[in-house]
Each structure stands twice: as C-alpha cells, then as structure tokens.
Amino acid sequence: MPDSVKEKKAMHNTEREILITGHRNPDTDSICAAISYARLKNKINATDRYVACRAGNPNAETSFVLEHFKVAAPRLIRSVRTQVSDVEYRKTPGVDQNMSLKQAWNIMNNEHIYTLPTVSGSGNLNGLITLGDIAKSYMNVYDSSIISKAHTQYKNILETLEATLVTGDVSRFCTEGKVLIAAANPEMMSYYIDKHDIVILGNRAESQLSALDNGADCIIICEGANVSPTIKALAEQNGMIIMVTSYDAYTAARLINQSMPIKYFMTKDKLVTFSEEDAIDDIRDIMTSMRHRDFPVLSKDGKYLGMISRRNLLGAHGKQVILVDHNEAGQAVEGVEKADIREIIDHHKIDAVPTMSPVYFRNQPLGCCSTIIYQMYKENGVKPDPETAGLLMSAIISDTLLFRSPTCTEVDKAAGRELAEIAGVDIEKYALEMFAAASNLKGKTDSEIFHQDFKKFTAGKVHFGVSQVTSLNADELDQLKPRLISYAQKALTEEGIDMSFIMLTNILNQDTILISVGAGSGQLVENAFAVHCDHEIGDPEDPTDDSWTVRLPGVVSRKKQLVPPLTMFAEQL
C-alpha cells in the first residue's frame with residue numbers, strides 16, 4: 001500500500017468495513033474476483049477497509065487455485081443481515097462485583113447510565129445492577145446484620161465513609177456480626193456488643209475499650225476524634241480494625257449501607273444477553289417484550305463487550321457490501337435486501353437486487369467477472385502482483401474453459417494471457433492441472449457435487465436451479481448420472497424450486513449431458529432445444545418423481561447457452 005494511502009487511513013478513526021462477496025455456492029471466479037477486487041480497493045481507497053468474503057465453501061477447483069498461489073480462503077459469511085456488531089452500542093466497561101453501591105451509583109450518575117454490568121477478571125459477565133436495585137437496597141433498614149450477609153469488604157466501608165485507617169487489615173471481608181451505634185454508657189454496652197460486630201462510636205476511650213473487650217471486629221470513630229496509643233496498640237494485638245471518619249454517628253450509620261457490594265443486589269440469573277452476531281430484526285422483538293432498558297452484548301466466546309438499548313437500534317445501518325460475479329437477489333447471500341450495497345461488478349444478465357440508493361453498477365458482456373476486475377486494475381494504474389494475477393487468470397480459465405466457452409471474448413483471451421505472463425505460469429499446462437483437480441470427485445457426497453456450482457433462477461412463475469459439474473473424464477460423468485438424478489429430486493424440496501437441471505459437462509469433448517428433474521422439466525428442455533429427451537420414470541405414485549436426460553453437443557456454458565432458452569420458454573408456462 002502506498003505511504004500516502006497508509007497515512008490517510010491512519011487519520012480516520014472510523015474506518016468502515018466494506019464486504020466484497022460473490023454469489024452463494026461460489027465458483028472460482030466468484031472467490032478470485034472478490035479477493036482481487038478487495039486488494040485493488042485497499043490500494044486506491046484511503047478511508048475504508050475492504051474485506052474479501054465468500055458465501056459458501058470453495059469447490060475442489062477453487063481450493064486448488066488458492067493452494068497453488070498460497071492464498072487463504074476469504075472470510076465466510078452466511079448472511080449480511082444487520083447485526084449487533086453493526087450498531088454503535090455503548091462500550092460500558094464492566095466493574096468488579098465487590099464494588100460498593102456508592103461507587104456504582106457515582107459511576108451511573110456521572111455516565112448517565114441505568115445499568116452497570118459486573119465482570120470477572122477473565123471478562124465473563126457475572127450480573128447486572130440497575131438504579132432500581134440500588135434504590136431497593138435502602139429499603140432494608142431493619143436488618144442490622146445485612147453488612148455481614150452481603151460479605152462486605154472493610155475497604156468498601158473505609159472508602160464509603162471517607163475514613164482514615166488507624167490500624168487493621170481492610171482487605172478482609174465482614175462475614176459475621178451486625179452494625180450498631182454505641183449510644184449507651186460503657187457498662188451497658190457489654191449487653192449489646194457481640195463478637196465480630198462493627199461499632200460506630202465517638203471519642204470516649206471507655207466505649208472504645210468496651211467494644212474491643214467484647215470482640216468487635218471494627219470500630220468506626222466519628223467526627224475525626226483521636227485514637228489513643230493504648231487503644232491502637234490493643235487493637236493491633238487483637239486484629240481489630242479502627243477507622244476514623246469526619247462524619248457524625250447518624251450520617252455514618254446512614255452511609256455505611258452504601259458500602260455493601262453490588263453482587264449482593266445484582267441480578268445473576270436468567271439474564272437476557274445478545275451476541276454481536278445476532279440480527280437486529282431478531283433482537284428488536286425481544287427488547288420490545290422486556291421491561292429492561294439495557295442488555296449486555298457478548299462475544300462469540302461469551303466475553304462481555306458492552307451494553308445495547310432500544311435507542312441504539314434507531315441508528316442501525318446495514319452492512320456495506322459490494323457484489324461481484326452476480327447481481328440477482330436469488331443468488332446473493334442472505335439478507336442482501338437490507339444491506340447497503342455500494343457497487344455491483346458483474347458479467348451476467350441484469351436482474352439486479354434492489355438498492356437503497358444509486359450505486360456504481362458495472363456490467364460487461366465478457367466471459368468472466370475477473371476480466372472486468374483486471375480492466376479496473378489497468379484503469380487505476382495498478383499492476384497486480386504475481387499472486388493476484390494468478391487468481392485472476394485462474395478465474396478466466398475456469399469461466400471460459402480455457403477460452404473454449406462461447407461466452408469467451410477476445411478481451412478475455414488477452415487478459416488471461418497477460419495475467420499468465422505476470423504470474424509466470426504456462427497457462428495451458430496450468431489449466432489442465434486445474435481442470436484435473438476440479439474433476440476429482442472421489443469421496444464427495446452427492447450434495448457436495450450438486451452444490452459445488454449451483455445457481456437459482458426465476459422465469460415467470462417457474463423457479464428452477466442449475467448445477468454444473470465439469471470433468472475431463474467421460475466415464476466419471478456417466479457414473480455420476482444415476483446418483484445425481486436421485487439427489488436432484490431431493491433438491492426440489494430442499495432448495496424450494498419447481499425444476500432442477502444438472503449439466504454434466506465434458507471439457508474435452510465440449511458437450512453436456514443435461515439431467516432434468518421436476519414436473520414439466522423434460523418438456524421444457526425439448527421445447528427450448530428442439531431435442532428429444534430420454535424419459536426415466538421414478539415413483540409411479542409421484543408424478544413429480546420423473547427425470548429426463550439428453551446430450552447437448554457444443555453446450556458448455558450455463559450462462560449463455562442453457563439458461564437463456566430455458567428462461568424464454570419457462571416464461572410462457
């Protein structure tokens with residue numbers, strides 16, 4: 001990246017993430033175009049961060065390409081629905097559950113928040129304390145032992161009363177005893193003070209000695225009174241805590257409950273939390289049904305990240321996305337209709353997904369989307385590095401079947417050969433290796449083979465899907481036929497389509513065995529191509545369980561040779 005671009009990027013604190021993705025069931029062009037375009041955009045754009053993505057797993061051919069050029073597969077995305085991670089929720093820091101009520105109140109008051117999360121040292125959410133919880137804590141005024149029940153740390157008491165420590169270990173916790181004010185004379189105090197009590201008193205040495213003799217764990221001396229060396233020495237011998245506060249006894253007694261830890265009052269069970277991956281549409285309904293103001297946001301591994309409220313959702317913006325190698329909503333990743341689409345770069349027929357605002361739409365009648373991407377490199381004066389050139393070249397080889405496809409243009413051929421030179425590759429030799437990798441279907445399930453290059457289409461009222469399987473081995477394609485006929489029946493239900501077509505394309509022979517499944521699909525093929533299909537009857541009781549096969553010489557392109565005639569005749573149904 002040029003230094004000037006790096007410097008400009010460093011100046012922007014709110015760098016946006018823009019996802020570049022191809023279609024579902026990605027092929028080599030879809031993935032290589034996304035990677036290469038992201039690299040170009042990051043070189044020429046100073047303000048945003050472009051991330052290459054994929055809407056599915058790489059097929060065998062694409063995996064070969066990525067491994068050959070030592071490029072990691074791009075980020076996998078299943079959806080581009082607006083998520084919690086896209087919202088500017090509050091990164092309210094979590095606090096220790098032993099924090100005093102007073103400290104919690106001060107934080108909430110200063111930060112104008114109503115809910116405070118407590119978090120463990122490892123970042124896990126322990127609970128939530130609200131302003132309402134703190135208010136309720138003041139209503140329990142009749143329980144003089146609540147300080148010990150709450151396991152209050154003496155350090156909290158020292159801080160809450162703004163006291164000075166005379167002696168003792170305030171890191172200890174009060175787990176026994178009660179709080180009382182030594183208002184009686186020293187003789188009577190022995191009847192009231194028990195072991196482990198906290199005694200609030202004045203400057204009378206006799207009262208201080210009485211508290212010490214009766215086993216109090218802590219004495220709080222009010223109004224800044226002095227402590228005699230004798231009392232201090234005895235306290236040290238007995239392990240008693242002495243602290244001095246400037247408050248009077250009445251005020252100290254009122255304030256001491258504010259020293260209790262928030263863990264005693266916070267909500268720990270049945271917490272409603274959200275993940276950064278949760279969709280906004282899903283959590284909005286949950287928020288509306290709850291009376292809470294704020295909800296914790298957790299990471300994938302359950303660590304606390306921040307707090308989100310209904311108000312935060314008002315400013316939610318869709319993910320910013322660039323589509324490559326497709327423009328139809330049916331082929332796009334889930335949630336694209338609510339995404340903020342910034343650009344579309346494609347070489348297919350236009351049936352574009354609706355956008356929220358005008359976008360940069362580049363569509364050219366070329367054999368490969370990566371050819372367009374290479375043109376954009378040249379237009380911006382950027383020479384692709386050998387690695388990127390290898391990816392672009394591989395995509396062109398794949399989409400044009402090494403310039404044999406009828407979709408291939410002279411522009412594709414020139415681009416492919418130029419890129420091969422930059423990549424330092426013998427294009428013919430490399431293409432055979434790449435096709436051989438794609439033809440290796442051993443060990444794959446019927447579903448994996450069917451979906452490795454599958455796209456959906458709509459023509460009038462008909463929804464259909466087309467899977468293409470390419471191979472250098474004619475026998476292998478023949479053996480696949482019965483397996484895929486059976487699976488194509490399942491695909492009708494799984495994919496929600498009326499008809500399913502499978503192209504078994506022989507790269508060397510330049511022909512395709514076309515399998516047609518679904519009611520009326522055979523007749524559609526016969527009308528579209530003026531051929532006779534071989535009919536194979538499945539379940540006699542299921543009229544949809546029929547399949548037809550036909551060999552189509554010279555047909556190797558789904559985009560240019562198969563889908564257009566099918567679409568034209570399907571629209572008439």
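The values are calculated or read from the model by the stated rules, or taken from the named source; none is laboratory data. Computed from a prediction, not measured in an experiment: that's the story for all the values here. Cβ atoms come from the backbone with ideal geometry, glycine included; neighbour counts cover every protein chain shown. Note: accessible area is taken over every heavy atom of the protein model, side chains too, but ligands, DNA and RNA are not part of it. Shrake-Rupley method; radii C 1.70, N 1.55, O 1.52, S 1.80 Å.
Some notes on this structure:
- Where Lys43, Lys560 fall by accessible area, highest first, once all protein chains stay in place (1.4 Å): Lys560, Lys43
- If the chain linking Leu165 and Asn110 were pulled fully straight, counting 0.36 nm for each residue of separation and taking away their Cα-Cα distance, it would gain 17.1 nm.
- Centroid-to-centroid separation of region 318-340 and region 233-301 [C-alpha atoms, Å]: 43
- Residue pairs, from the table Lys41/Lys413; Lys490/Lys560; Lys378/Lys560; Lys178/Lys303, whose Cα atoms sit over 30 Å apart: Lys178/Lys303
- Taking every alpha-carbon pair under 8 Å whose residues sit at least 6 apart, the chain reaches a relative contact order of 14 percent.
- Modelled FRET efficiency - R0 60 Å, Asp385 with Ala135, Cβ distances, 0.05 increments: 0.40
- Mean Cβ neighbour count within 10 Å, used as a protection proxy, ranking 466-475, 421-430 highest first: 466-475, 421-430
- The simple spin-label model puts a point 7 Å past each Cα toward its Cβ; for Val531 and Ala519 those points are separated by 2.5 nm.
- Coil-residue GluC sites (Glu not before Pro) of region 128-199, DSSP, other Cβ within 10 Å capped at 15: Glu162, Glu176
- For Leu573, the shell of other residues with beta-carbons less than 14 Å away shows a net charge of -2, using +1 for Lys and Arg and -1 for Asp and Glu.
- Shape analysis of region 19-107 places it in the prolate category; the axes a ≥ b ≥ c from the Cα gyration tensor give an a/c of at least 1.5, with a/b above b/c.
- DSSP bridge orientation in the chain - percent antiparallel, rounded to nearest 5: 50
- Estimated FRET transfer efficiency (Glu67, Thr288; beta-carbon r; R0 45 Å; 0.05): 0.40
- From the largest down, region 216-343 spans 88, 28, 26 angstrom on the principal axes of its Cα atoms.
- Secondary-structure-derived ellipticity at 222 nm for the chain, considering helices only, amounts to -10500 deg cm²/dmol, per-run term -39500 (n - 2.57) for DSSP H runs with n ≥ 4.
- Extension gain (nm, one decimal) between Lys195 and Ser122, 0.36 nm per residue minus Cα-Cα: 22.6 nm
- More than 20 Å apart - percent of Cα-Cα pairs taken over region 366-514: 55
- In Å², nearest 10: area of Ile350 left accessible to a 1.4 Å probe: 110
- Using the Cα coordinates of region 343-395, the gyration tensor eigenvalues translate into equivalent-ellipsoid semi-axes of 24, 13, 9 Å, sorted from longest to shortest.
- For the chain, the longest principal axis of the alpha carbon atoms and the long axis of helix 369-379 meet at an angle near 80°.
- Using a probe of 1.4 Å on the protein chains alone, the accessible area found for Asp294 is around 10 Å².
- Matching label, Cα extents along the principal axes in Å computed from the structure shown, candidates (i) 67, 49, 42; (ii) 70, 56, 45; (iii) 115, 65, 43: (iii)
- Between Lys490 and Asp281, the contour length at 0.36 nm per residue exceeds the alpha carbon distance by 72.1 nm.
- Unsatisfied cross-links (Cα-Cα over 25 Å) in the set Lys43/Lys349; Lys43/Lys70; Lys91/Lys268: Lys43/Lys349
- Per DSSP, loop trypsin sites (Lys or Arg not before Pro) in region 299-333 with at most 13 further Cβ within 10 Å: Lys300
- Angle in degrees between helix 410-423 and the longest Cα principal axis of the chain, rounded to the nearest 10: 60
- Helix 280-289 and the longest principal axis of the Cα set of the chain meet at an angle near 40°.
- Distance from the C-alpha centroid of region 102-176 to that of region 39-78: 50 Å, rounded to the whole angstrom.
- Loop-located GluC sites (Glu not before Pro) in region 315-383 (DSSP state other than H, G, I, E, B) with a sparse environment of at most 16 neighbouring Cβ atoms within 10 Å are absent.
- Cβ-Cβ FRET estimate between Lys442 and Ala474, R0 fixed at 22 Å, reported to 0.05: 0.85
- Spin-label pair Phe173/Met376, simplified geometry with 7 Å Cα→Cβ offset, distance in nm: 5.9
- Projected label distance in nm at Asp301 and Ser228, using a 7 Å step from Cα toward the beta-carbon: 6.0
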